[in-house]
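*Asks:* The structure follows.
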Amino acid sequence: MFGMLAPSYDLSNNLISFGQHLRWKRLLVELSGIQPGMRVLDCASGTGDIAFAFARVLGASGSVIASDFSAGMIAVGAMRQVRGSEHVSFEHADVTALPYSDDSFDCASIGFGIRNVPSPDKALREMARVVKPGGCVMVLETGQPQGAFMKPTYYIYSRFIVPLVGGVISGSMQAYNYLHSSSHSFPSGEDFVAIMRRSGSFGHIESHRLCWGAAYIYKGVVL
């Protein structure tokens with residue numbers, strides 16, 4: 001499914017989020033505290049937005065691996081010519097079984113991908129495994145806004161408008177119906193923090209609510 005969506009993925013994301021997803025991805029990089037010269041792994045990287053954002057901070061002395069399970073996403077991402085792309089390498093990898101040694105990176109991240117993983121706990125443990133102690137795992141994921149106005153408004157938008165827009169652009173409304181259902185049912189806020197705690201991989205965990213809870217950034221400092 002993601003391979004099929006790859007050619008139109010960036011345009012769909014920009015329209016559906018009104019460009020906000022790029023701001024959130026830049027904020028994830030900022031909150032990670034990453035410094036020039038460090039090494040970063042971006043999991044479920046898709047077409048590479050987060051990887052490129054990291055690369056722009058790390059500079060020529062740093063390195064970023066953009067990994068994804070979808071060969072189609074990797075192919076599209078590797079062809080993008082944006083600032084920072086020259087310092088990013090795309091590799092095929094499963095976030096629940098990463099082909100990298102322990103303590104290989106200063107930071108591992110995943111954006112809008114962990115809800116599509118069969119075992120989020122296992123993914124978190126794997127990302128923590130390949131990060132050095134004291135480094136961090138960063139997660140950007142959708143949430144469910146609360147409140148008398150925002151909750152129903154967001155539900156109507158994500159249930160009906162998002163599949164319509166995504167379906168018109170990609171040719172597959174079914175795929176965007178899936179993306180809505182996976183987002184609507186996935187734990188967010190304190191419920192996701194509980195999953196991070198249960199992984200036993202982090203000494204410090206923090207969460208940042210975005211857009212009234214439409215998305216969250218989570219940071220776990222690796223033990």
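No value in this document is a laboratory result; all are computed from the given coordinates. On a predicted model such as this, the values are computed, not experimentally measured, just so you know. In this analysis, Cβ positions are derived from the backbone assuming ideal geometry, glycine residues included, and neighbour counts consider all displayed protein chains.
*Asks:* How many angstrom lie between the Cα centre of region 132-149 and the Cα centre of region 180-196?
*Replies:* Using only Cα atoms to place each centre, the spacing works out to 9 Å.
*Asks:* Have a look at the DSSP beta bridges in the chain and tell me what percent are antiparallel, nearest 5.
*Replies:* 45
*Asks:* Something else about it: What ranking do Trp24, Trp212 get, fewest neighbouring Cβ atoms within 10 angstrom at the top?
*Replies:* Details: Trp24 21, Trp212 16.
By the 10 Å Cβ count, ascending, the order reads Trp212, Trp24.
*Asks:* When the Karplus curve 6.51 cos²θ - 1.76 cosθ + 1.60 is applied with θ = phi - 60°, which whole-Hz ³J(HN,Hα) does each residue of region 202-209 get, with x for Gly and Pro?
*Replies:* Per residue, the Karplus-derived 3J(HN,Hα) values read 10, x, 9, 9, 9, 10, 10, 7 Hz.
*Asks:* Here's another thing I want to ask about it. What distance in nm separates the simple spin-label points at Ala78 and Ala194, each placed 7 Å from Cα in the Cβ direction?
*Replies:* 4.2
*Asks:* Under 5 Å between amide H atoms, partner at least 5 residues away or on a different chain: which partners does Val130 have, H built in plane at 1.01 Å?
*Replies:* HN-HN under 5 Å from Val130: Asp103.
*Asks:* In whole Hz, what ³J(HN,Hα) sequence does region 107-119 give by Karplus (6.51, -1.76, 1.60; θ = phi - 60°), x for Gly and Pro?
*Replies:* 7, 10, 9, 8, x, 6, x, 5, 6, 9, 8, x, 10
*Asks:* While we're looking at this one, here's another question. Sum up the lysine pairs in region 2-222 that clear both bars: alpha-carbon distance under 19 Å and a spacing of 8 or more or different chains. Please report the intermediate quantities before stating the final value.
*Replies:* On the way: Lys25/Lys219; Lys122/Lys132; Lys122/Lys219; Lys132/Lys219.
Taking region 2-222 as the scope, the lysine pair count is 4.
*Asks:* Which whole-number percent is the relative contact order of region 2-222 (Cα, under 8 Å, 6+ apart)?
*Replies:* Computed over region 2-222, the figure is 19 percent.
*Asks:* What's the magnitude of the charge dipole for region 1-124 around its Cα centre, counting Lys and Arg as +1 and Asp and Glu as -1 at the beta-carbon? Answer in Debye, nearest 20.
*Replies:* In debye, rounded to 20, region 1-124 gives about 420.
*Asks:* Right, next: What is the fewest-to-most order of Met79, Met127 by other Cβ atoms lying within 10 Å of their Cβ?
*Replies:* With the fewest neighbours first, Met79, Met127 line up as Met79, Met127.
*Asks:* Summing -39500 (n - 2.57) over the DSSP H runs of n ≥ 4 in the chain and dividing by its residue number, what mean residue ellipticity at 222 nm do you reach, to the nearest 500 deg cm²/dmol?
*Replies:* The per-residue figure over the chain is -11500 deg cm²/dmol.
*Asks:* Choose one of Met150, Ser67, Phe18: the residue whose Cα lies farthest towards the positive end of the charge dipole of the chain (beta-carbon charges +1 Lys, Arg; -1 Asp, Glu; about the Cα centre).
*Replies:* Highest projection toward the positive end goes to Met150.
*Asks:* I would also like to ask the following. Hey, fewest Cβ within 10 Å first, where do Ile156, Ile195, Ile34 land in order? Before the final figure, lay out the partial values.
*Replies:* Details: Ile156 10, Ile195 17, Ile34 23.
Going from least to most buried by this count: Ile156, Ile195, Ile34.
*Asks:* At what distance in nm do the modelled label points of His204 and Leu31 sit from each other, each positioned 7 Å from its Cα along Cα→Cβ?
*Replies:* Label-label distance for His204 and Leu31, simple model: 1.4 nm.
*Asks:* With r as the distance between the Cβ atoms of Ser182 and Lys132 and R0 = 30 Å, compute the FRET efficiency 1/(1 + (r/R0)^6) and round to 0.05.
*Replies:* 0.45
*Asks:* Give me the net charge for the shell around Gly166: Cβ to Cβ below 13 angstrom, other residues only, Lys and Arg +1, Asp and Glu -1.
*Replies:* Values: positive: Arg159; negative: Asp10.
Result for the local shell: 0.
*Asks:* Something else about it: Which one, [x] 54; [y] 22; [z] 15, gives percent of Cα pairs over 31 Å apart as derived from the coordinates shown?
*Replies:* [z]
*Asks:* Using amide H atoms built 1.01 Å from N in the peptide plane, name the residues 5+ places from Gly135, or on other chains, whose amide H lies under 5 Å from its own.
*Replies:* It is Val222, by chain and number.
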